[in-house]
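Laboratory data are not the source of any read-out in this text; all were calculated from the coordinates shown. Just so it is clear, the model here is predicted, and its values are computed rather than measured. No Cβ is skipped: glycine too gets one built from the backbone with ideal geometry, and neighbour counts run over all protein chains shown.
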Amino acid sequence: MNEAYSAPLPLRSVRVTDDFWGREMELIRSAVIPYQWEALNDRIPGAAKSWWTHNMRAAARAVAAKKAGKIYTPVDRTGDIARQPQDEARPHPDAFYGWVFQDSDGYKWLEAVAYQLSLRPDEALKAQAQQAVDMICAAQEEDGYLDTYYTLNGRENAFTYLKDHHELYCFGHLTEAAVAWKQATGQDDLLNAARRFAACIARRFGPKGERGCPGHEIAEMALMRLYEETGEEEWRDLSRFFLDVRGTDPSTFALEENRRRQVQGQPPLPVTADRYSYYQAHRPVRQMKEAVGHAVRQMYLCSGMADEARLMDDPEMKAACERLWHSTAQEKMYVTGGVGGTHVGEAFSRPYDLPADTAYSETCAAIGLAFFARRMLQLEPRAEYAEVMERALYNTVLSGMALDGKSFFYVNPLEVDPAACESDERLRHVKPIRQKWFGCACCPPNIARIVSSLGQYIATQNRDTLYIHLLIGSEIDAVLNGAPLKLRLDVDMGAGKASLTVAEGSAQGAIALREPSWMRFNGYQLCGGISVRSSQGYSIFTKAWQPGDSIEWAFTMPVQALAASPLVKEAMDQVCFVRGPFVYCAEEKDNGKGLHLLRVRPEAAKEAAVTEADLGGVSLPILTLPGKRVKAAANAPLYAPWQPPQEEDAAITLVPYFAWNNRGMGEMRVWLPVEQR
Ligand code: FUB
Ligand code: ZN
């Protein structure tokens, strides 16, 4: 592998000490993980059902029956993607319930638990997770197959509907959890289950087997991770196979559809790949230029492609990743780091189509963007990747969860009017208040796993350089040129002070610190002959590091008004305010109803007062700045000759976007119209 590529440090080597993220991680440990286990067990009153433990137990019984030589007859086999069979109030104990990908929710939860256990041993939590691991292992069929939907609905149909069914997706999440579990506990139980399922998949698909690839990507990056953990090259090769078969003619999705159509007596469809852009299977991945289709799928595919580019040192794949990065981050990303401009198919829209109110911006898609960004950083440390990763993490990823960790957003628009959500079909996907759980609950446990593994986003290292991508207070155990070095990164955003200190160890090498574009400072105070150079938005400090060496700096985080490119019609003549990595928004609670009537001057950013306020159990920095409110008489005619708007002064209060909607339901708006002069 190319020595310039970097890798995240083992999770326990990056211990977050930061006030802000420390609270989030502790929230996940103490509140979110226990809450989500209750949800997976369907014990949250008034919440949508998960069916996770139900399906696992039912599948385990079916597997046991098959092993005992009994004939297993499925209860129901409608074969549809979203089945809610029978009467949910009186569920049949042997029937599968929920979406076909329901298994993945528990796998994500387990992965989050594993990360938490890596950071802090907890016997009670481990015992609970062990129950989940045992349930999963019991639901695995003798040949390694593991997907409760097909085990309960007709195993003979397994792998016949890769386009819309999710066996390979569930496999991917199982594998991610298994590697995390192995790393946390040293146990092989779940890893072996993942390997056995991988082997079952590899017996069916691959250069010597059938052509096929996942309809919902993730297996690609998961297989690469399994390869990195075990050193077993067959998993890397299977991942590569899935990547390279994708989008080639004849389309495996079309062939699969035609087999289904034949059974239904319908004429065949053309077998060219070009119809499958929703699944990113419209052309070979190496030729892709634009982020298209289902946003989470696209981001997970990009992550797998970036892994392949790194692990195979594949410049053609890296170039494809760069093109897709550009399309995503420069043409299709919300200022909040969300992606997915349309709810139709939970998908990317055309370039610059970024509507604020009908936005989809699924929490999982922002998580996928952070995965992609971290992998691009591993390929090449460029601050632009880190800035996007940071934007996604601090804004859309966190907005997916309430400050108490007990309710969640699936979609994250930049403008919400609860009254409109109630009455407008076009906004049916927008929930104006976070939900306790979802029938399709992909997002909540995804938040738990990414926040619990934050250390893997803070820093990466190669042989001679430690890259610090996110300015998040932490203790970092790096290894430079084979020598261990314990570092302490302290960041006090409130006081505008930061330092990086060598606590223990001596090593020759470089520490590359990202300089965030939102930070204003006059350079570093260095202690001890450190040489400094700058590259791609990182300051690179090189020396023979000794205990006590330190880099210190004082900074400010001025409030800034940001405008979107004039090509973004929906944000024309509007600005949003940001401070540090946080995007701010106006809420009805502080500014009254009719947020579209507010007017701001971009220069008012300089006059913004920063104070702390309780936003629902947590005290956070808020902004107050002078603006105007257009007077809107209730009886004004619908149309009238133009006149200068009647405006009154208004003190506008803005709160961090991620923290909105923690003080009850109300309007919210990120983009604010600029005052006419
Ligand atoms: O299909 C599995 C997950 O459910 C997707 O990633 C989400 O967008 C949701 O559709
Ligand atoms: Zn989701």
For residue 628, counting only aspartates and glutamates whose alpha-carbon sits under 18 Å away and dropping same-chain residues fewer than eight positions off, the answer is 573, 587, 588, 590, 603, 607, 647, 648, 649, 667, 675
HN-Hα couplings for segment 394-406 via Karplus (6.51, -1.76, 1.60; θ = phi - 60°), in whole Hz with x for Gly/Pro, come out as 6, 10, 6, 4, 6, 5, x, 9, 5, 5, 8, x, 10
Amide H proximity to residue 205 below 5 Å, modelled H, separation 5+ or other chain, gives 210
Looking only at lysines whose Cα falls under 26 Å of residue 332's and that sit 8 or more positions away or on another chain, we get 163, 289, 318, 431, 569
Per the rule of 0.36 nm per residue minus the C-alpha distance, extending residue 563 to residue 249 adds in nm 108.8 nm
With a Förster distance of 25 angstrom and the Cβ-Cβ distance between residue 481 and residue 527, calculated FRET efficiency to the nearest 0.05 equals 0.70
Simple spin-label estimate for residue 619/residue 124, 7 Å along Cα→Cβ, in nm, reads 2.9 nm
In vacuo Debye sum over C-alpha of segment 463-556, base-10 log of normalised intensity I(q)/I(0) at q = 0.10, 0.14, 0.16, 0.25 Å⁻¹, listed in q order, is -0.22, -0.45, -0.59, -1.51
Partner lysines whose C-alpha sits under 26 Å from that of residue 126, ignoring same-chain residues fewer than 8 away, are 49, 108, 182, 406, 436
FRET efficiency (residue 606, residue 12; Cβ distance; R0 41 Å; to 0.05) is 0.40
Largest first and rounded to whole Å, the semi-axes √(5λ) derived from the alpha carbon gyration tensor of the chain read 40, 33, 24
With a Förster distance of 56 angstrom and the Cβ-Cβ distance between residue 520 and residue 643, calculated FRET efficiency to the nearest 0.05 equals 0.85
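Where does the charge balance sit around residue 274 when Lys and Arg score +1, Asp and Glu -1, over other residues with C-beta under 12 Å from its C-beta?
It works out to a net charge of +1.
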Site residue 497, offset 7 angstrom along Cα→Cβ, radius 13 Å on amide nitrogen, limited to segment 589-628, gives none
Once phi for every residue in segment 502-513 is put through the Karplus expression 6.51 cos²θ - 1.76 cosθ + 1.60 (θ = phi - 60°), the whole-Hz ³J(HN,Hα) values, with Gly and Pro written as x, are 7, 8, 8, x, 9, 7, 8, x, 10, 10, 9, 9
Placing each pseudo-label 7 Å from Cα in the direction of the beta carbon, residue 48 and residue 676 end up separated by a distance in nanometres of 4.3 nm
